[in-house]
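Visitor: One structure follows; several queries about it will come next.
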Amino acid sequence: MKNVLFILTLFFLFACNKAYEASEESAGLYTKDAMENLKSTAEQTSEEKPADNQAIERKLIKTGNIEFETKDLDKTAQRINAAKKKYKAYASNENEYSSENRLSRTITLRIPASNFDAALAEIAEGVDHFDRKTINVSDVTEEFLDVQARLKTKKELELRYIQLLSKAQKVSEILEIERELVTLRSDIESFEGRLKYLENQVSLSTLTIDYYKSIKQDNRFWAKVKSGFGNGWDFLLTILLGIINVWPVWIIGYALFWMIRRIRAKK
């Protein structure tokens, strides 16, 4: 009788173990199937085109570039700075340089998109002729909506993976889900960065202003004469400083000359 009970106990334990293994394998298959379904759903969603965007505000990036001659660089700079302050813009880049025939300045302004046209009109006031004037408008509405949709899909997928992670039982499943989460987080950060860049470019237009003053050749000649006198004076000072810096050599040379002269006088 004891042997029969022992055999029945072993059989019962063996059956329980098999049931547990089957349950664990079933859970693993469930987790794997769920991950594959999530990936498939995400791929289908990401491939779907955004809904009709006729009622959506267009996302436009506006850039401008103008170049003109002025009689007074400082007055033109004051007019540009006044417009910059009035229309809440800021300068992202400023340069000043000269050549044989002109003095030039360049400034790049980031202007709120709604103020771009007014600021341009005020800066260009009084300009008789533009050497160059280009205004470009890029429509990024489709890209903006596409990035938004993909970002939304990635975030939803991330939440589902987190929920799936809480149900995972095997270490291999946990590691696989965590790898997927790392990849998703990288994609999300990339989409967020692109979206932020587009929003910045849309909200702030860019205007590059090149203005210059021509220099007459006769004025340039006298400027060179003045510069020549200054360079000559600097050269003379350099020579004097060089002489002063080698004063020990002069003393030693004079001492040798005096000694040689005394020796010859004794002969």
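Visitor: Counting just the residues of region 76-87 that are surrounded by 12 or more Cβ atoms within 10 Å (Cβ to Cβ) and of a type in the set (K, R), which one comes out nearest to the chain's Cα centre (by Cα)?
Guide: Let us first name the residues in region 76-87 that are surrounded by 12 or more Cβ atoms within 10 Å (Cβ to Cβ), namely 76-77, 79-84, 86-87.
With the extra rule that they be of a type in the set (K, R), the set shrinks to 79, 84, 86.
Details: R79: 29, K84: 23, K86: 27 Å.
Top of the filtered list is K84.
Conditions tested, residue by residue: (1) under 18 Å from Y211 (Cβ atoms); (2) open to solvent by less than 40 Å² (accessible area, probe 1.4 Å); (3) touching a strand residue (DSSP E or B) at 6+ places or on another chain (Cβ under 6 Å).
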{"site": "E57", "(1), (2), (3)": "no, no, no"}
{"site": "K62", "(1), (2), (3)": "no, no, yes"}
{"site": "D74", "(1), (2), (3)": "yes, no, no"}
{"site": "E94", "(1), (2), (3)": "yes, no, yes"}
{"site": "T106", "(1), (2), (3)": "yes, yes, yes"}
{"site": "L109", "(1), (2), (3)": "yes, yes, yes"}
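Visitor: Here is a further query. Looking only at region 121-136, count every residue that is at positive phi and either within 33 Å of the chain's Cα centre (by Cα) or not small (G, A, S) (or both) and tell me the total.
Guide: Going through region 121-136 one residue at a time, the tally reaches 0.
Visitor: Just one of E36, E100, E43, E24 is at pLDDT below 95, outside any strand (DSSP E or B), open to solvent by less than 70 Å² (accessible area, probe 1.4 Å) and among the acidic types (D, E); which is it?
Guide: E24
Visitor: Now for a different question. Quick one: would you say Y254 is over 30 Å from F144 (Cβ atoms), at pLDDT 75 or above, among the hydroxyl-bearing types (S, T, Y) and surrounded by 10 or more Cβ atoms within 10 Å (Cβ to Cβ)?
Guide: Criteria not met by Y254.
Visitor: Report the residue count in region 173-193 for those that are touching a residue at least 60 places away in the same chain (Cβ under 8 Å) and either on the phi > 0 side of the Ramachandran plot or not hydrophobic (A, V, I, L, M, F, W, C) (or both).
Guide: Just the residues of region 173-193 that are touching a residue at least 60 places away in the same chain (Cβ under 8 Å), to begin with: 173, 176-177, 180.
Cutting the leftovers down to either on the phi > 0 side of the Ramachandran plot or not hydrophobic (A, V, I, L, M, F, W, C) (or both) gives us 173, 176, 180.
Residues flagged as touching a residue at least 60 places away in the same chain (Cβ under 8 Å) and either on the phi > 0 side of the Ramachandran plot or not hydrophobic (A, V, I, L, M, F, W, C) (or both) within region 173-193 amount to 3.
Visitor: Run down E180, E173 and say which single residue is among the charged types (D, E, K, R), touching a Gly at 6+ places or on another chain (Cβ under 9 Å) and assigned to a helix (DSSP H, G or I).
Guide: Values: E180 fails: touching a Gly at 6+ places or on another chain (Cβ under 9 Å).
The unique qualifying residue is E173.
Visitor: Next question. Could you tell me which residue of region 114-158 is least open to solvent (accessible area, probe 1.4 Å), considering only residues that are of a type in the set (V, I, T), within 30 Å of K75 (Cβ to Cβ) and not in a strand (DSSP E or B)?
Guide: I123
Visitor: Let me ask something else. Within region 200-231, count every residue that is open to solvent by 40 Å² or more (accessible area, probe 1.4 Å), of a type outside the set (S, T, N, Q) and either outside any helix (DSSP H, G or I) or modelled with pLDDT of 75 or more (or both).
Guide: Summing the residues that are open to solvent by 40 Å² or more (accessible area, probe 1.4 Å), of a type outside the set (S, T, N, Q) and either outside any helix (DSSP H, G or I) or modelled with pLDDT of 75 or more (or both) in region 200-231 gives 2.
The values are calculated or read from the model by the stated rules, or taken from the named source; none is laboratory data. Given the structure is predicted, the values throughout are model-derived calculations rather than measurements. Every residue, glycine as well, gets a Cβ built from its backbone with ideal geometry; the counts of neighbours run over all protein chains shown. SASA here: full protein model, heavy atoms, side chains in, ligands and nucleic acids out. Shrake-Rupley method; radii C 1.70, N 1.55, O 1.52, S 1.80 Å.
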